[in-house]
Amino acid sequence: MKIKSKSQIVYDYIEELIINGEIKPGNRLPSEARLCEIIGVSRVSVRAGIEKLSAIGLVYKKKGGGTYVIKPSNENYLSVFTPTLLHNTDYIELLEIRRALDSLAVQLCAQHITEAGARKLQAIVEDMEHAKVEDDFFALDKKFHMLISKYSKNRFLHNINLIIWDVIQKTLRDNYYEVMTPDRILKHRGIYEAILHKDKDLASIYTIRHLEDIIDTFKCEYNQESQYEAMRKTRRKN
């Protein structure tokens, strides 16, 4: 079982208070000294935990006036609270959700996409082919899938996809980079061409196959890493 860092313990403690309604939006968090006393950690750990909460947009600091829970507006309510609810999500679990939702999104997109939308998708794929930096490809990949979910004409599905990519961008980007398969551009082009020809079944097949390949690659990498760690522990004991 993975041992939590002290900053993660602080993060989880404050998050639970917010989710349970013990600290409401707009309320101030207990002082650093009080949190140190309650949780039994140092100020450094408290500050690190609060920084994590601030990074995902759950709390904000007032200059010289403490830390407060953000009051979400109607527009940003989900984007503020969902990432923190998903911060412990396993990357494979997220990919499995994507496999289902992206399959639905491409099928609906193939039905509803316009000529202008198809040209936008084509431009993104062409930019992918010339992307030299991983961050550039990440931005294009996100843009590609967001455009597909937009043209699904299902706002709820689009909002969920926005949240998923927000979580990947903020907390799981390292995992994303670990499984960048060499044929990723070819697969995105296949999805685009199936959408272009309004072949929703083929678009779904390509999408599912793409995500299953990523899942398999990630599982393989994870298993190799686990075996390596087990070997290191065995060597230490010997």
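The values are calculated or read from the model by the stated rules, or taken from the named source; none is laboratory data. Remember, predicted model here, so these are calculated numbers, not experimental data. Counting neighbours? That spans all protein chains shown, and the Cβs are built from the backbone with ideal geometry, glycine included.
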>> Out of the residues in the range 61-80 meeting the condition of being surrounded by 15 or more Cβ atoms within 10 Å (Cβ to Cβ) and more than 22 Å from residue 145 (Cα to Cα), tell me which one is modelled with the lowest pLDDT.
In response: 72
> Would you pick out the residues in the range 5-39 that are within 18 Å of residue 56 (Cβ to Cβ), among the small types (Gly, Ala, Ser) and surrounded by 12 or more Cβ atoms within 10 Å (Cβ to Cβ)?
Replying inline: 5, 7
>> So, in the range 163-175, how many residues would count as being in contact (Cβ under 8 Å) with a residue 60 or more places away in the chain and in a helix (DSSP H, G or I)?
In response: 8
> Counting just the residues of the range 100-123 that are surrounded by 21 or more Cβ atoms within 10 Å (Cβ to Cβ) and among the aliphatic types (A, V, I, L, M), which one comes out farthest from residue 209 (Cα to Cα)?
Replying inline: 113
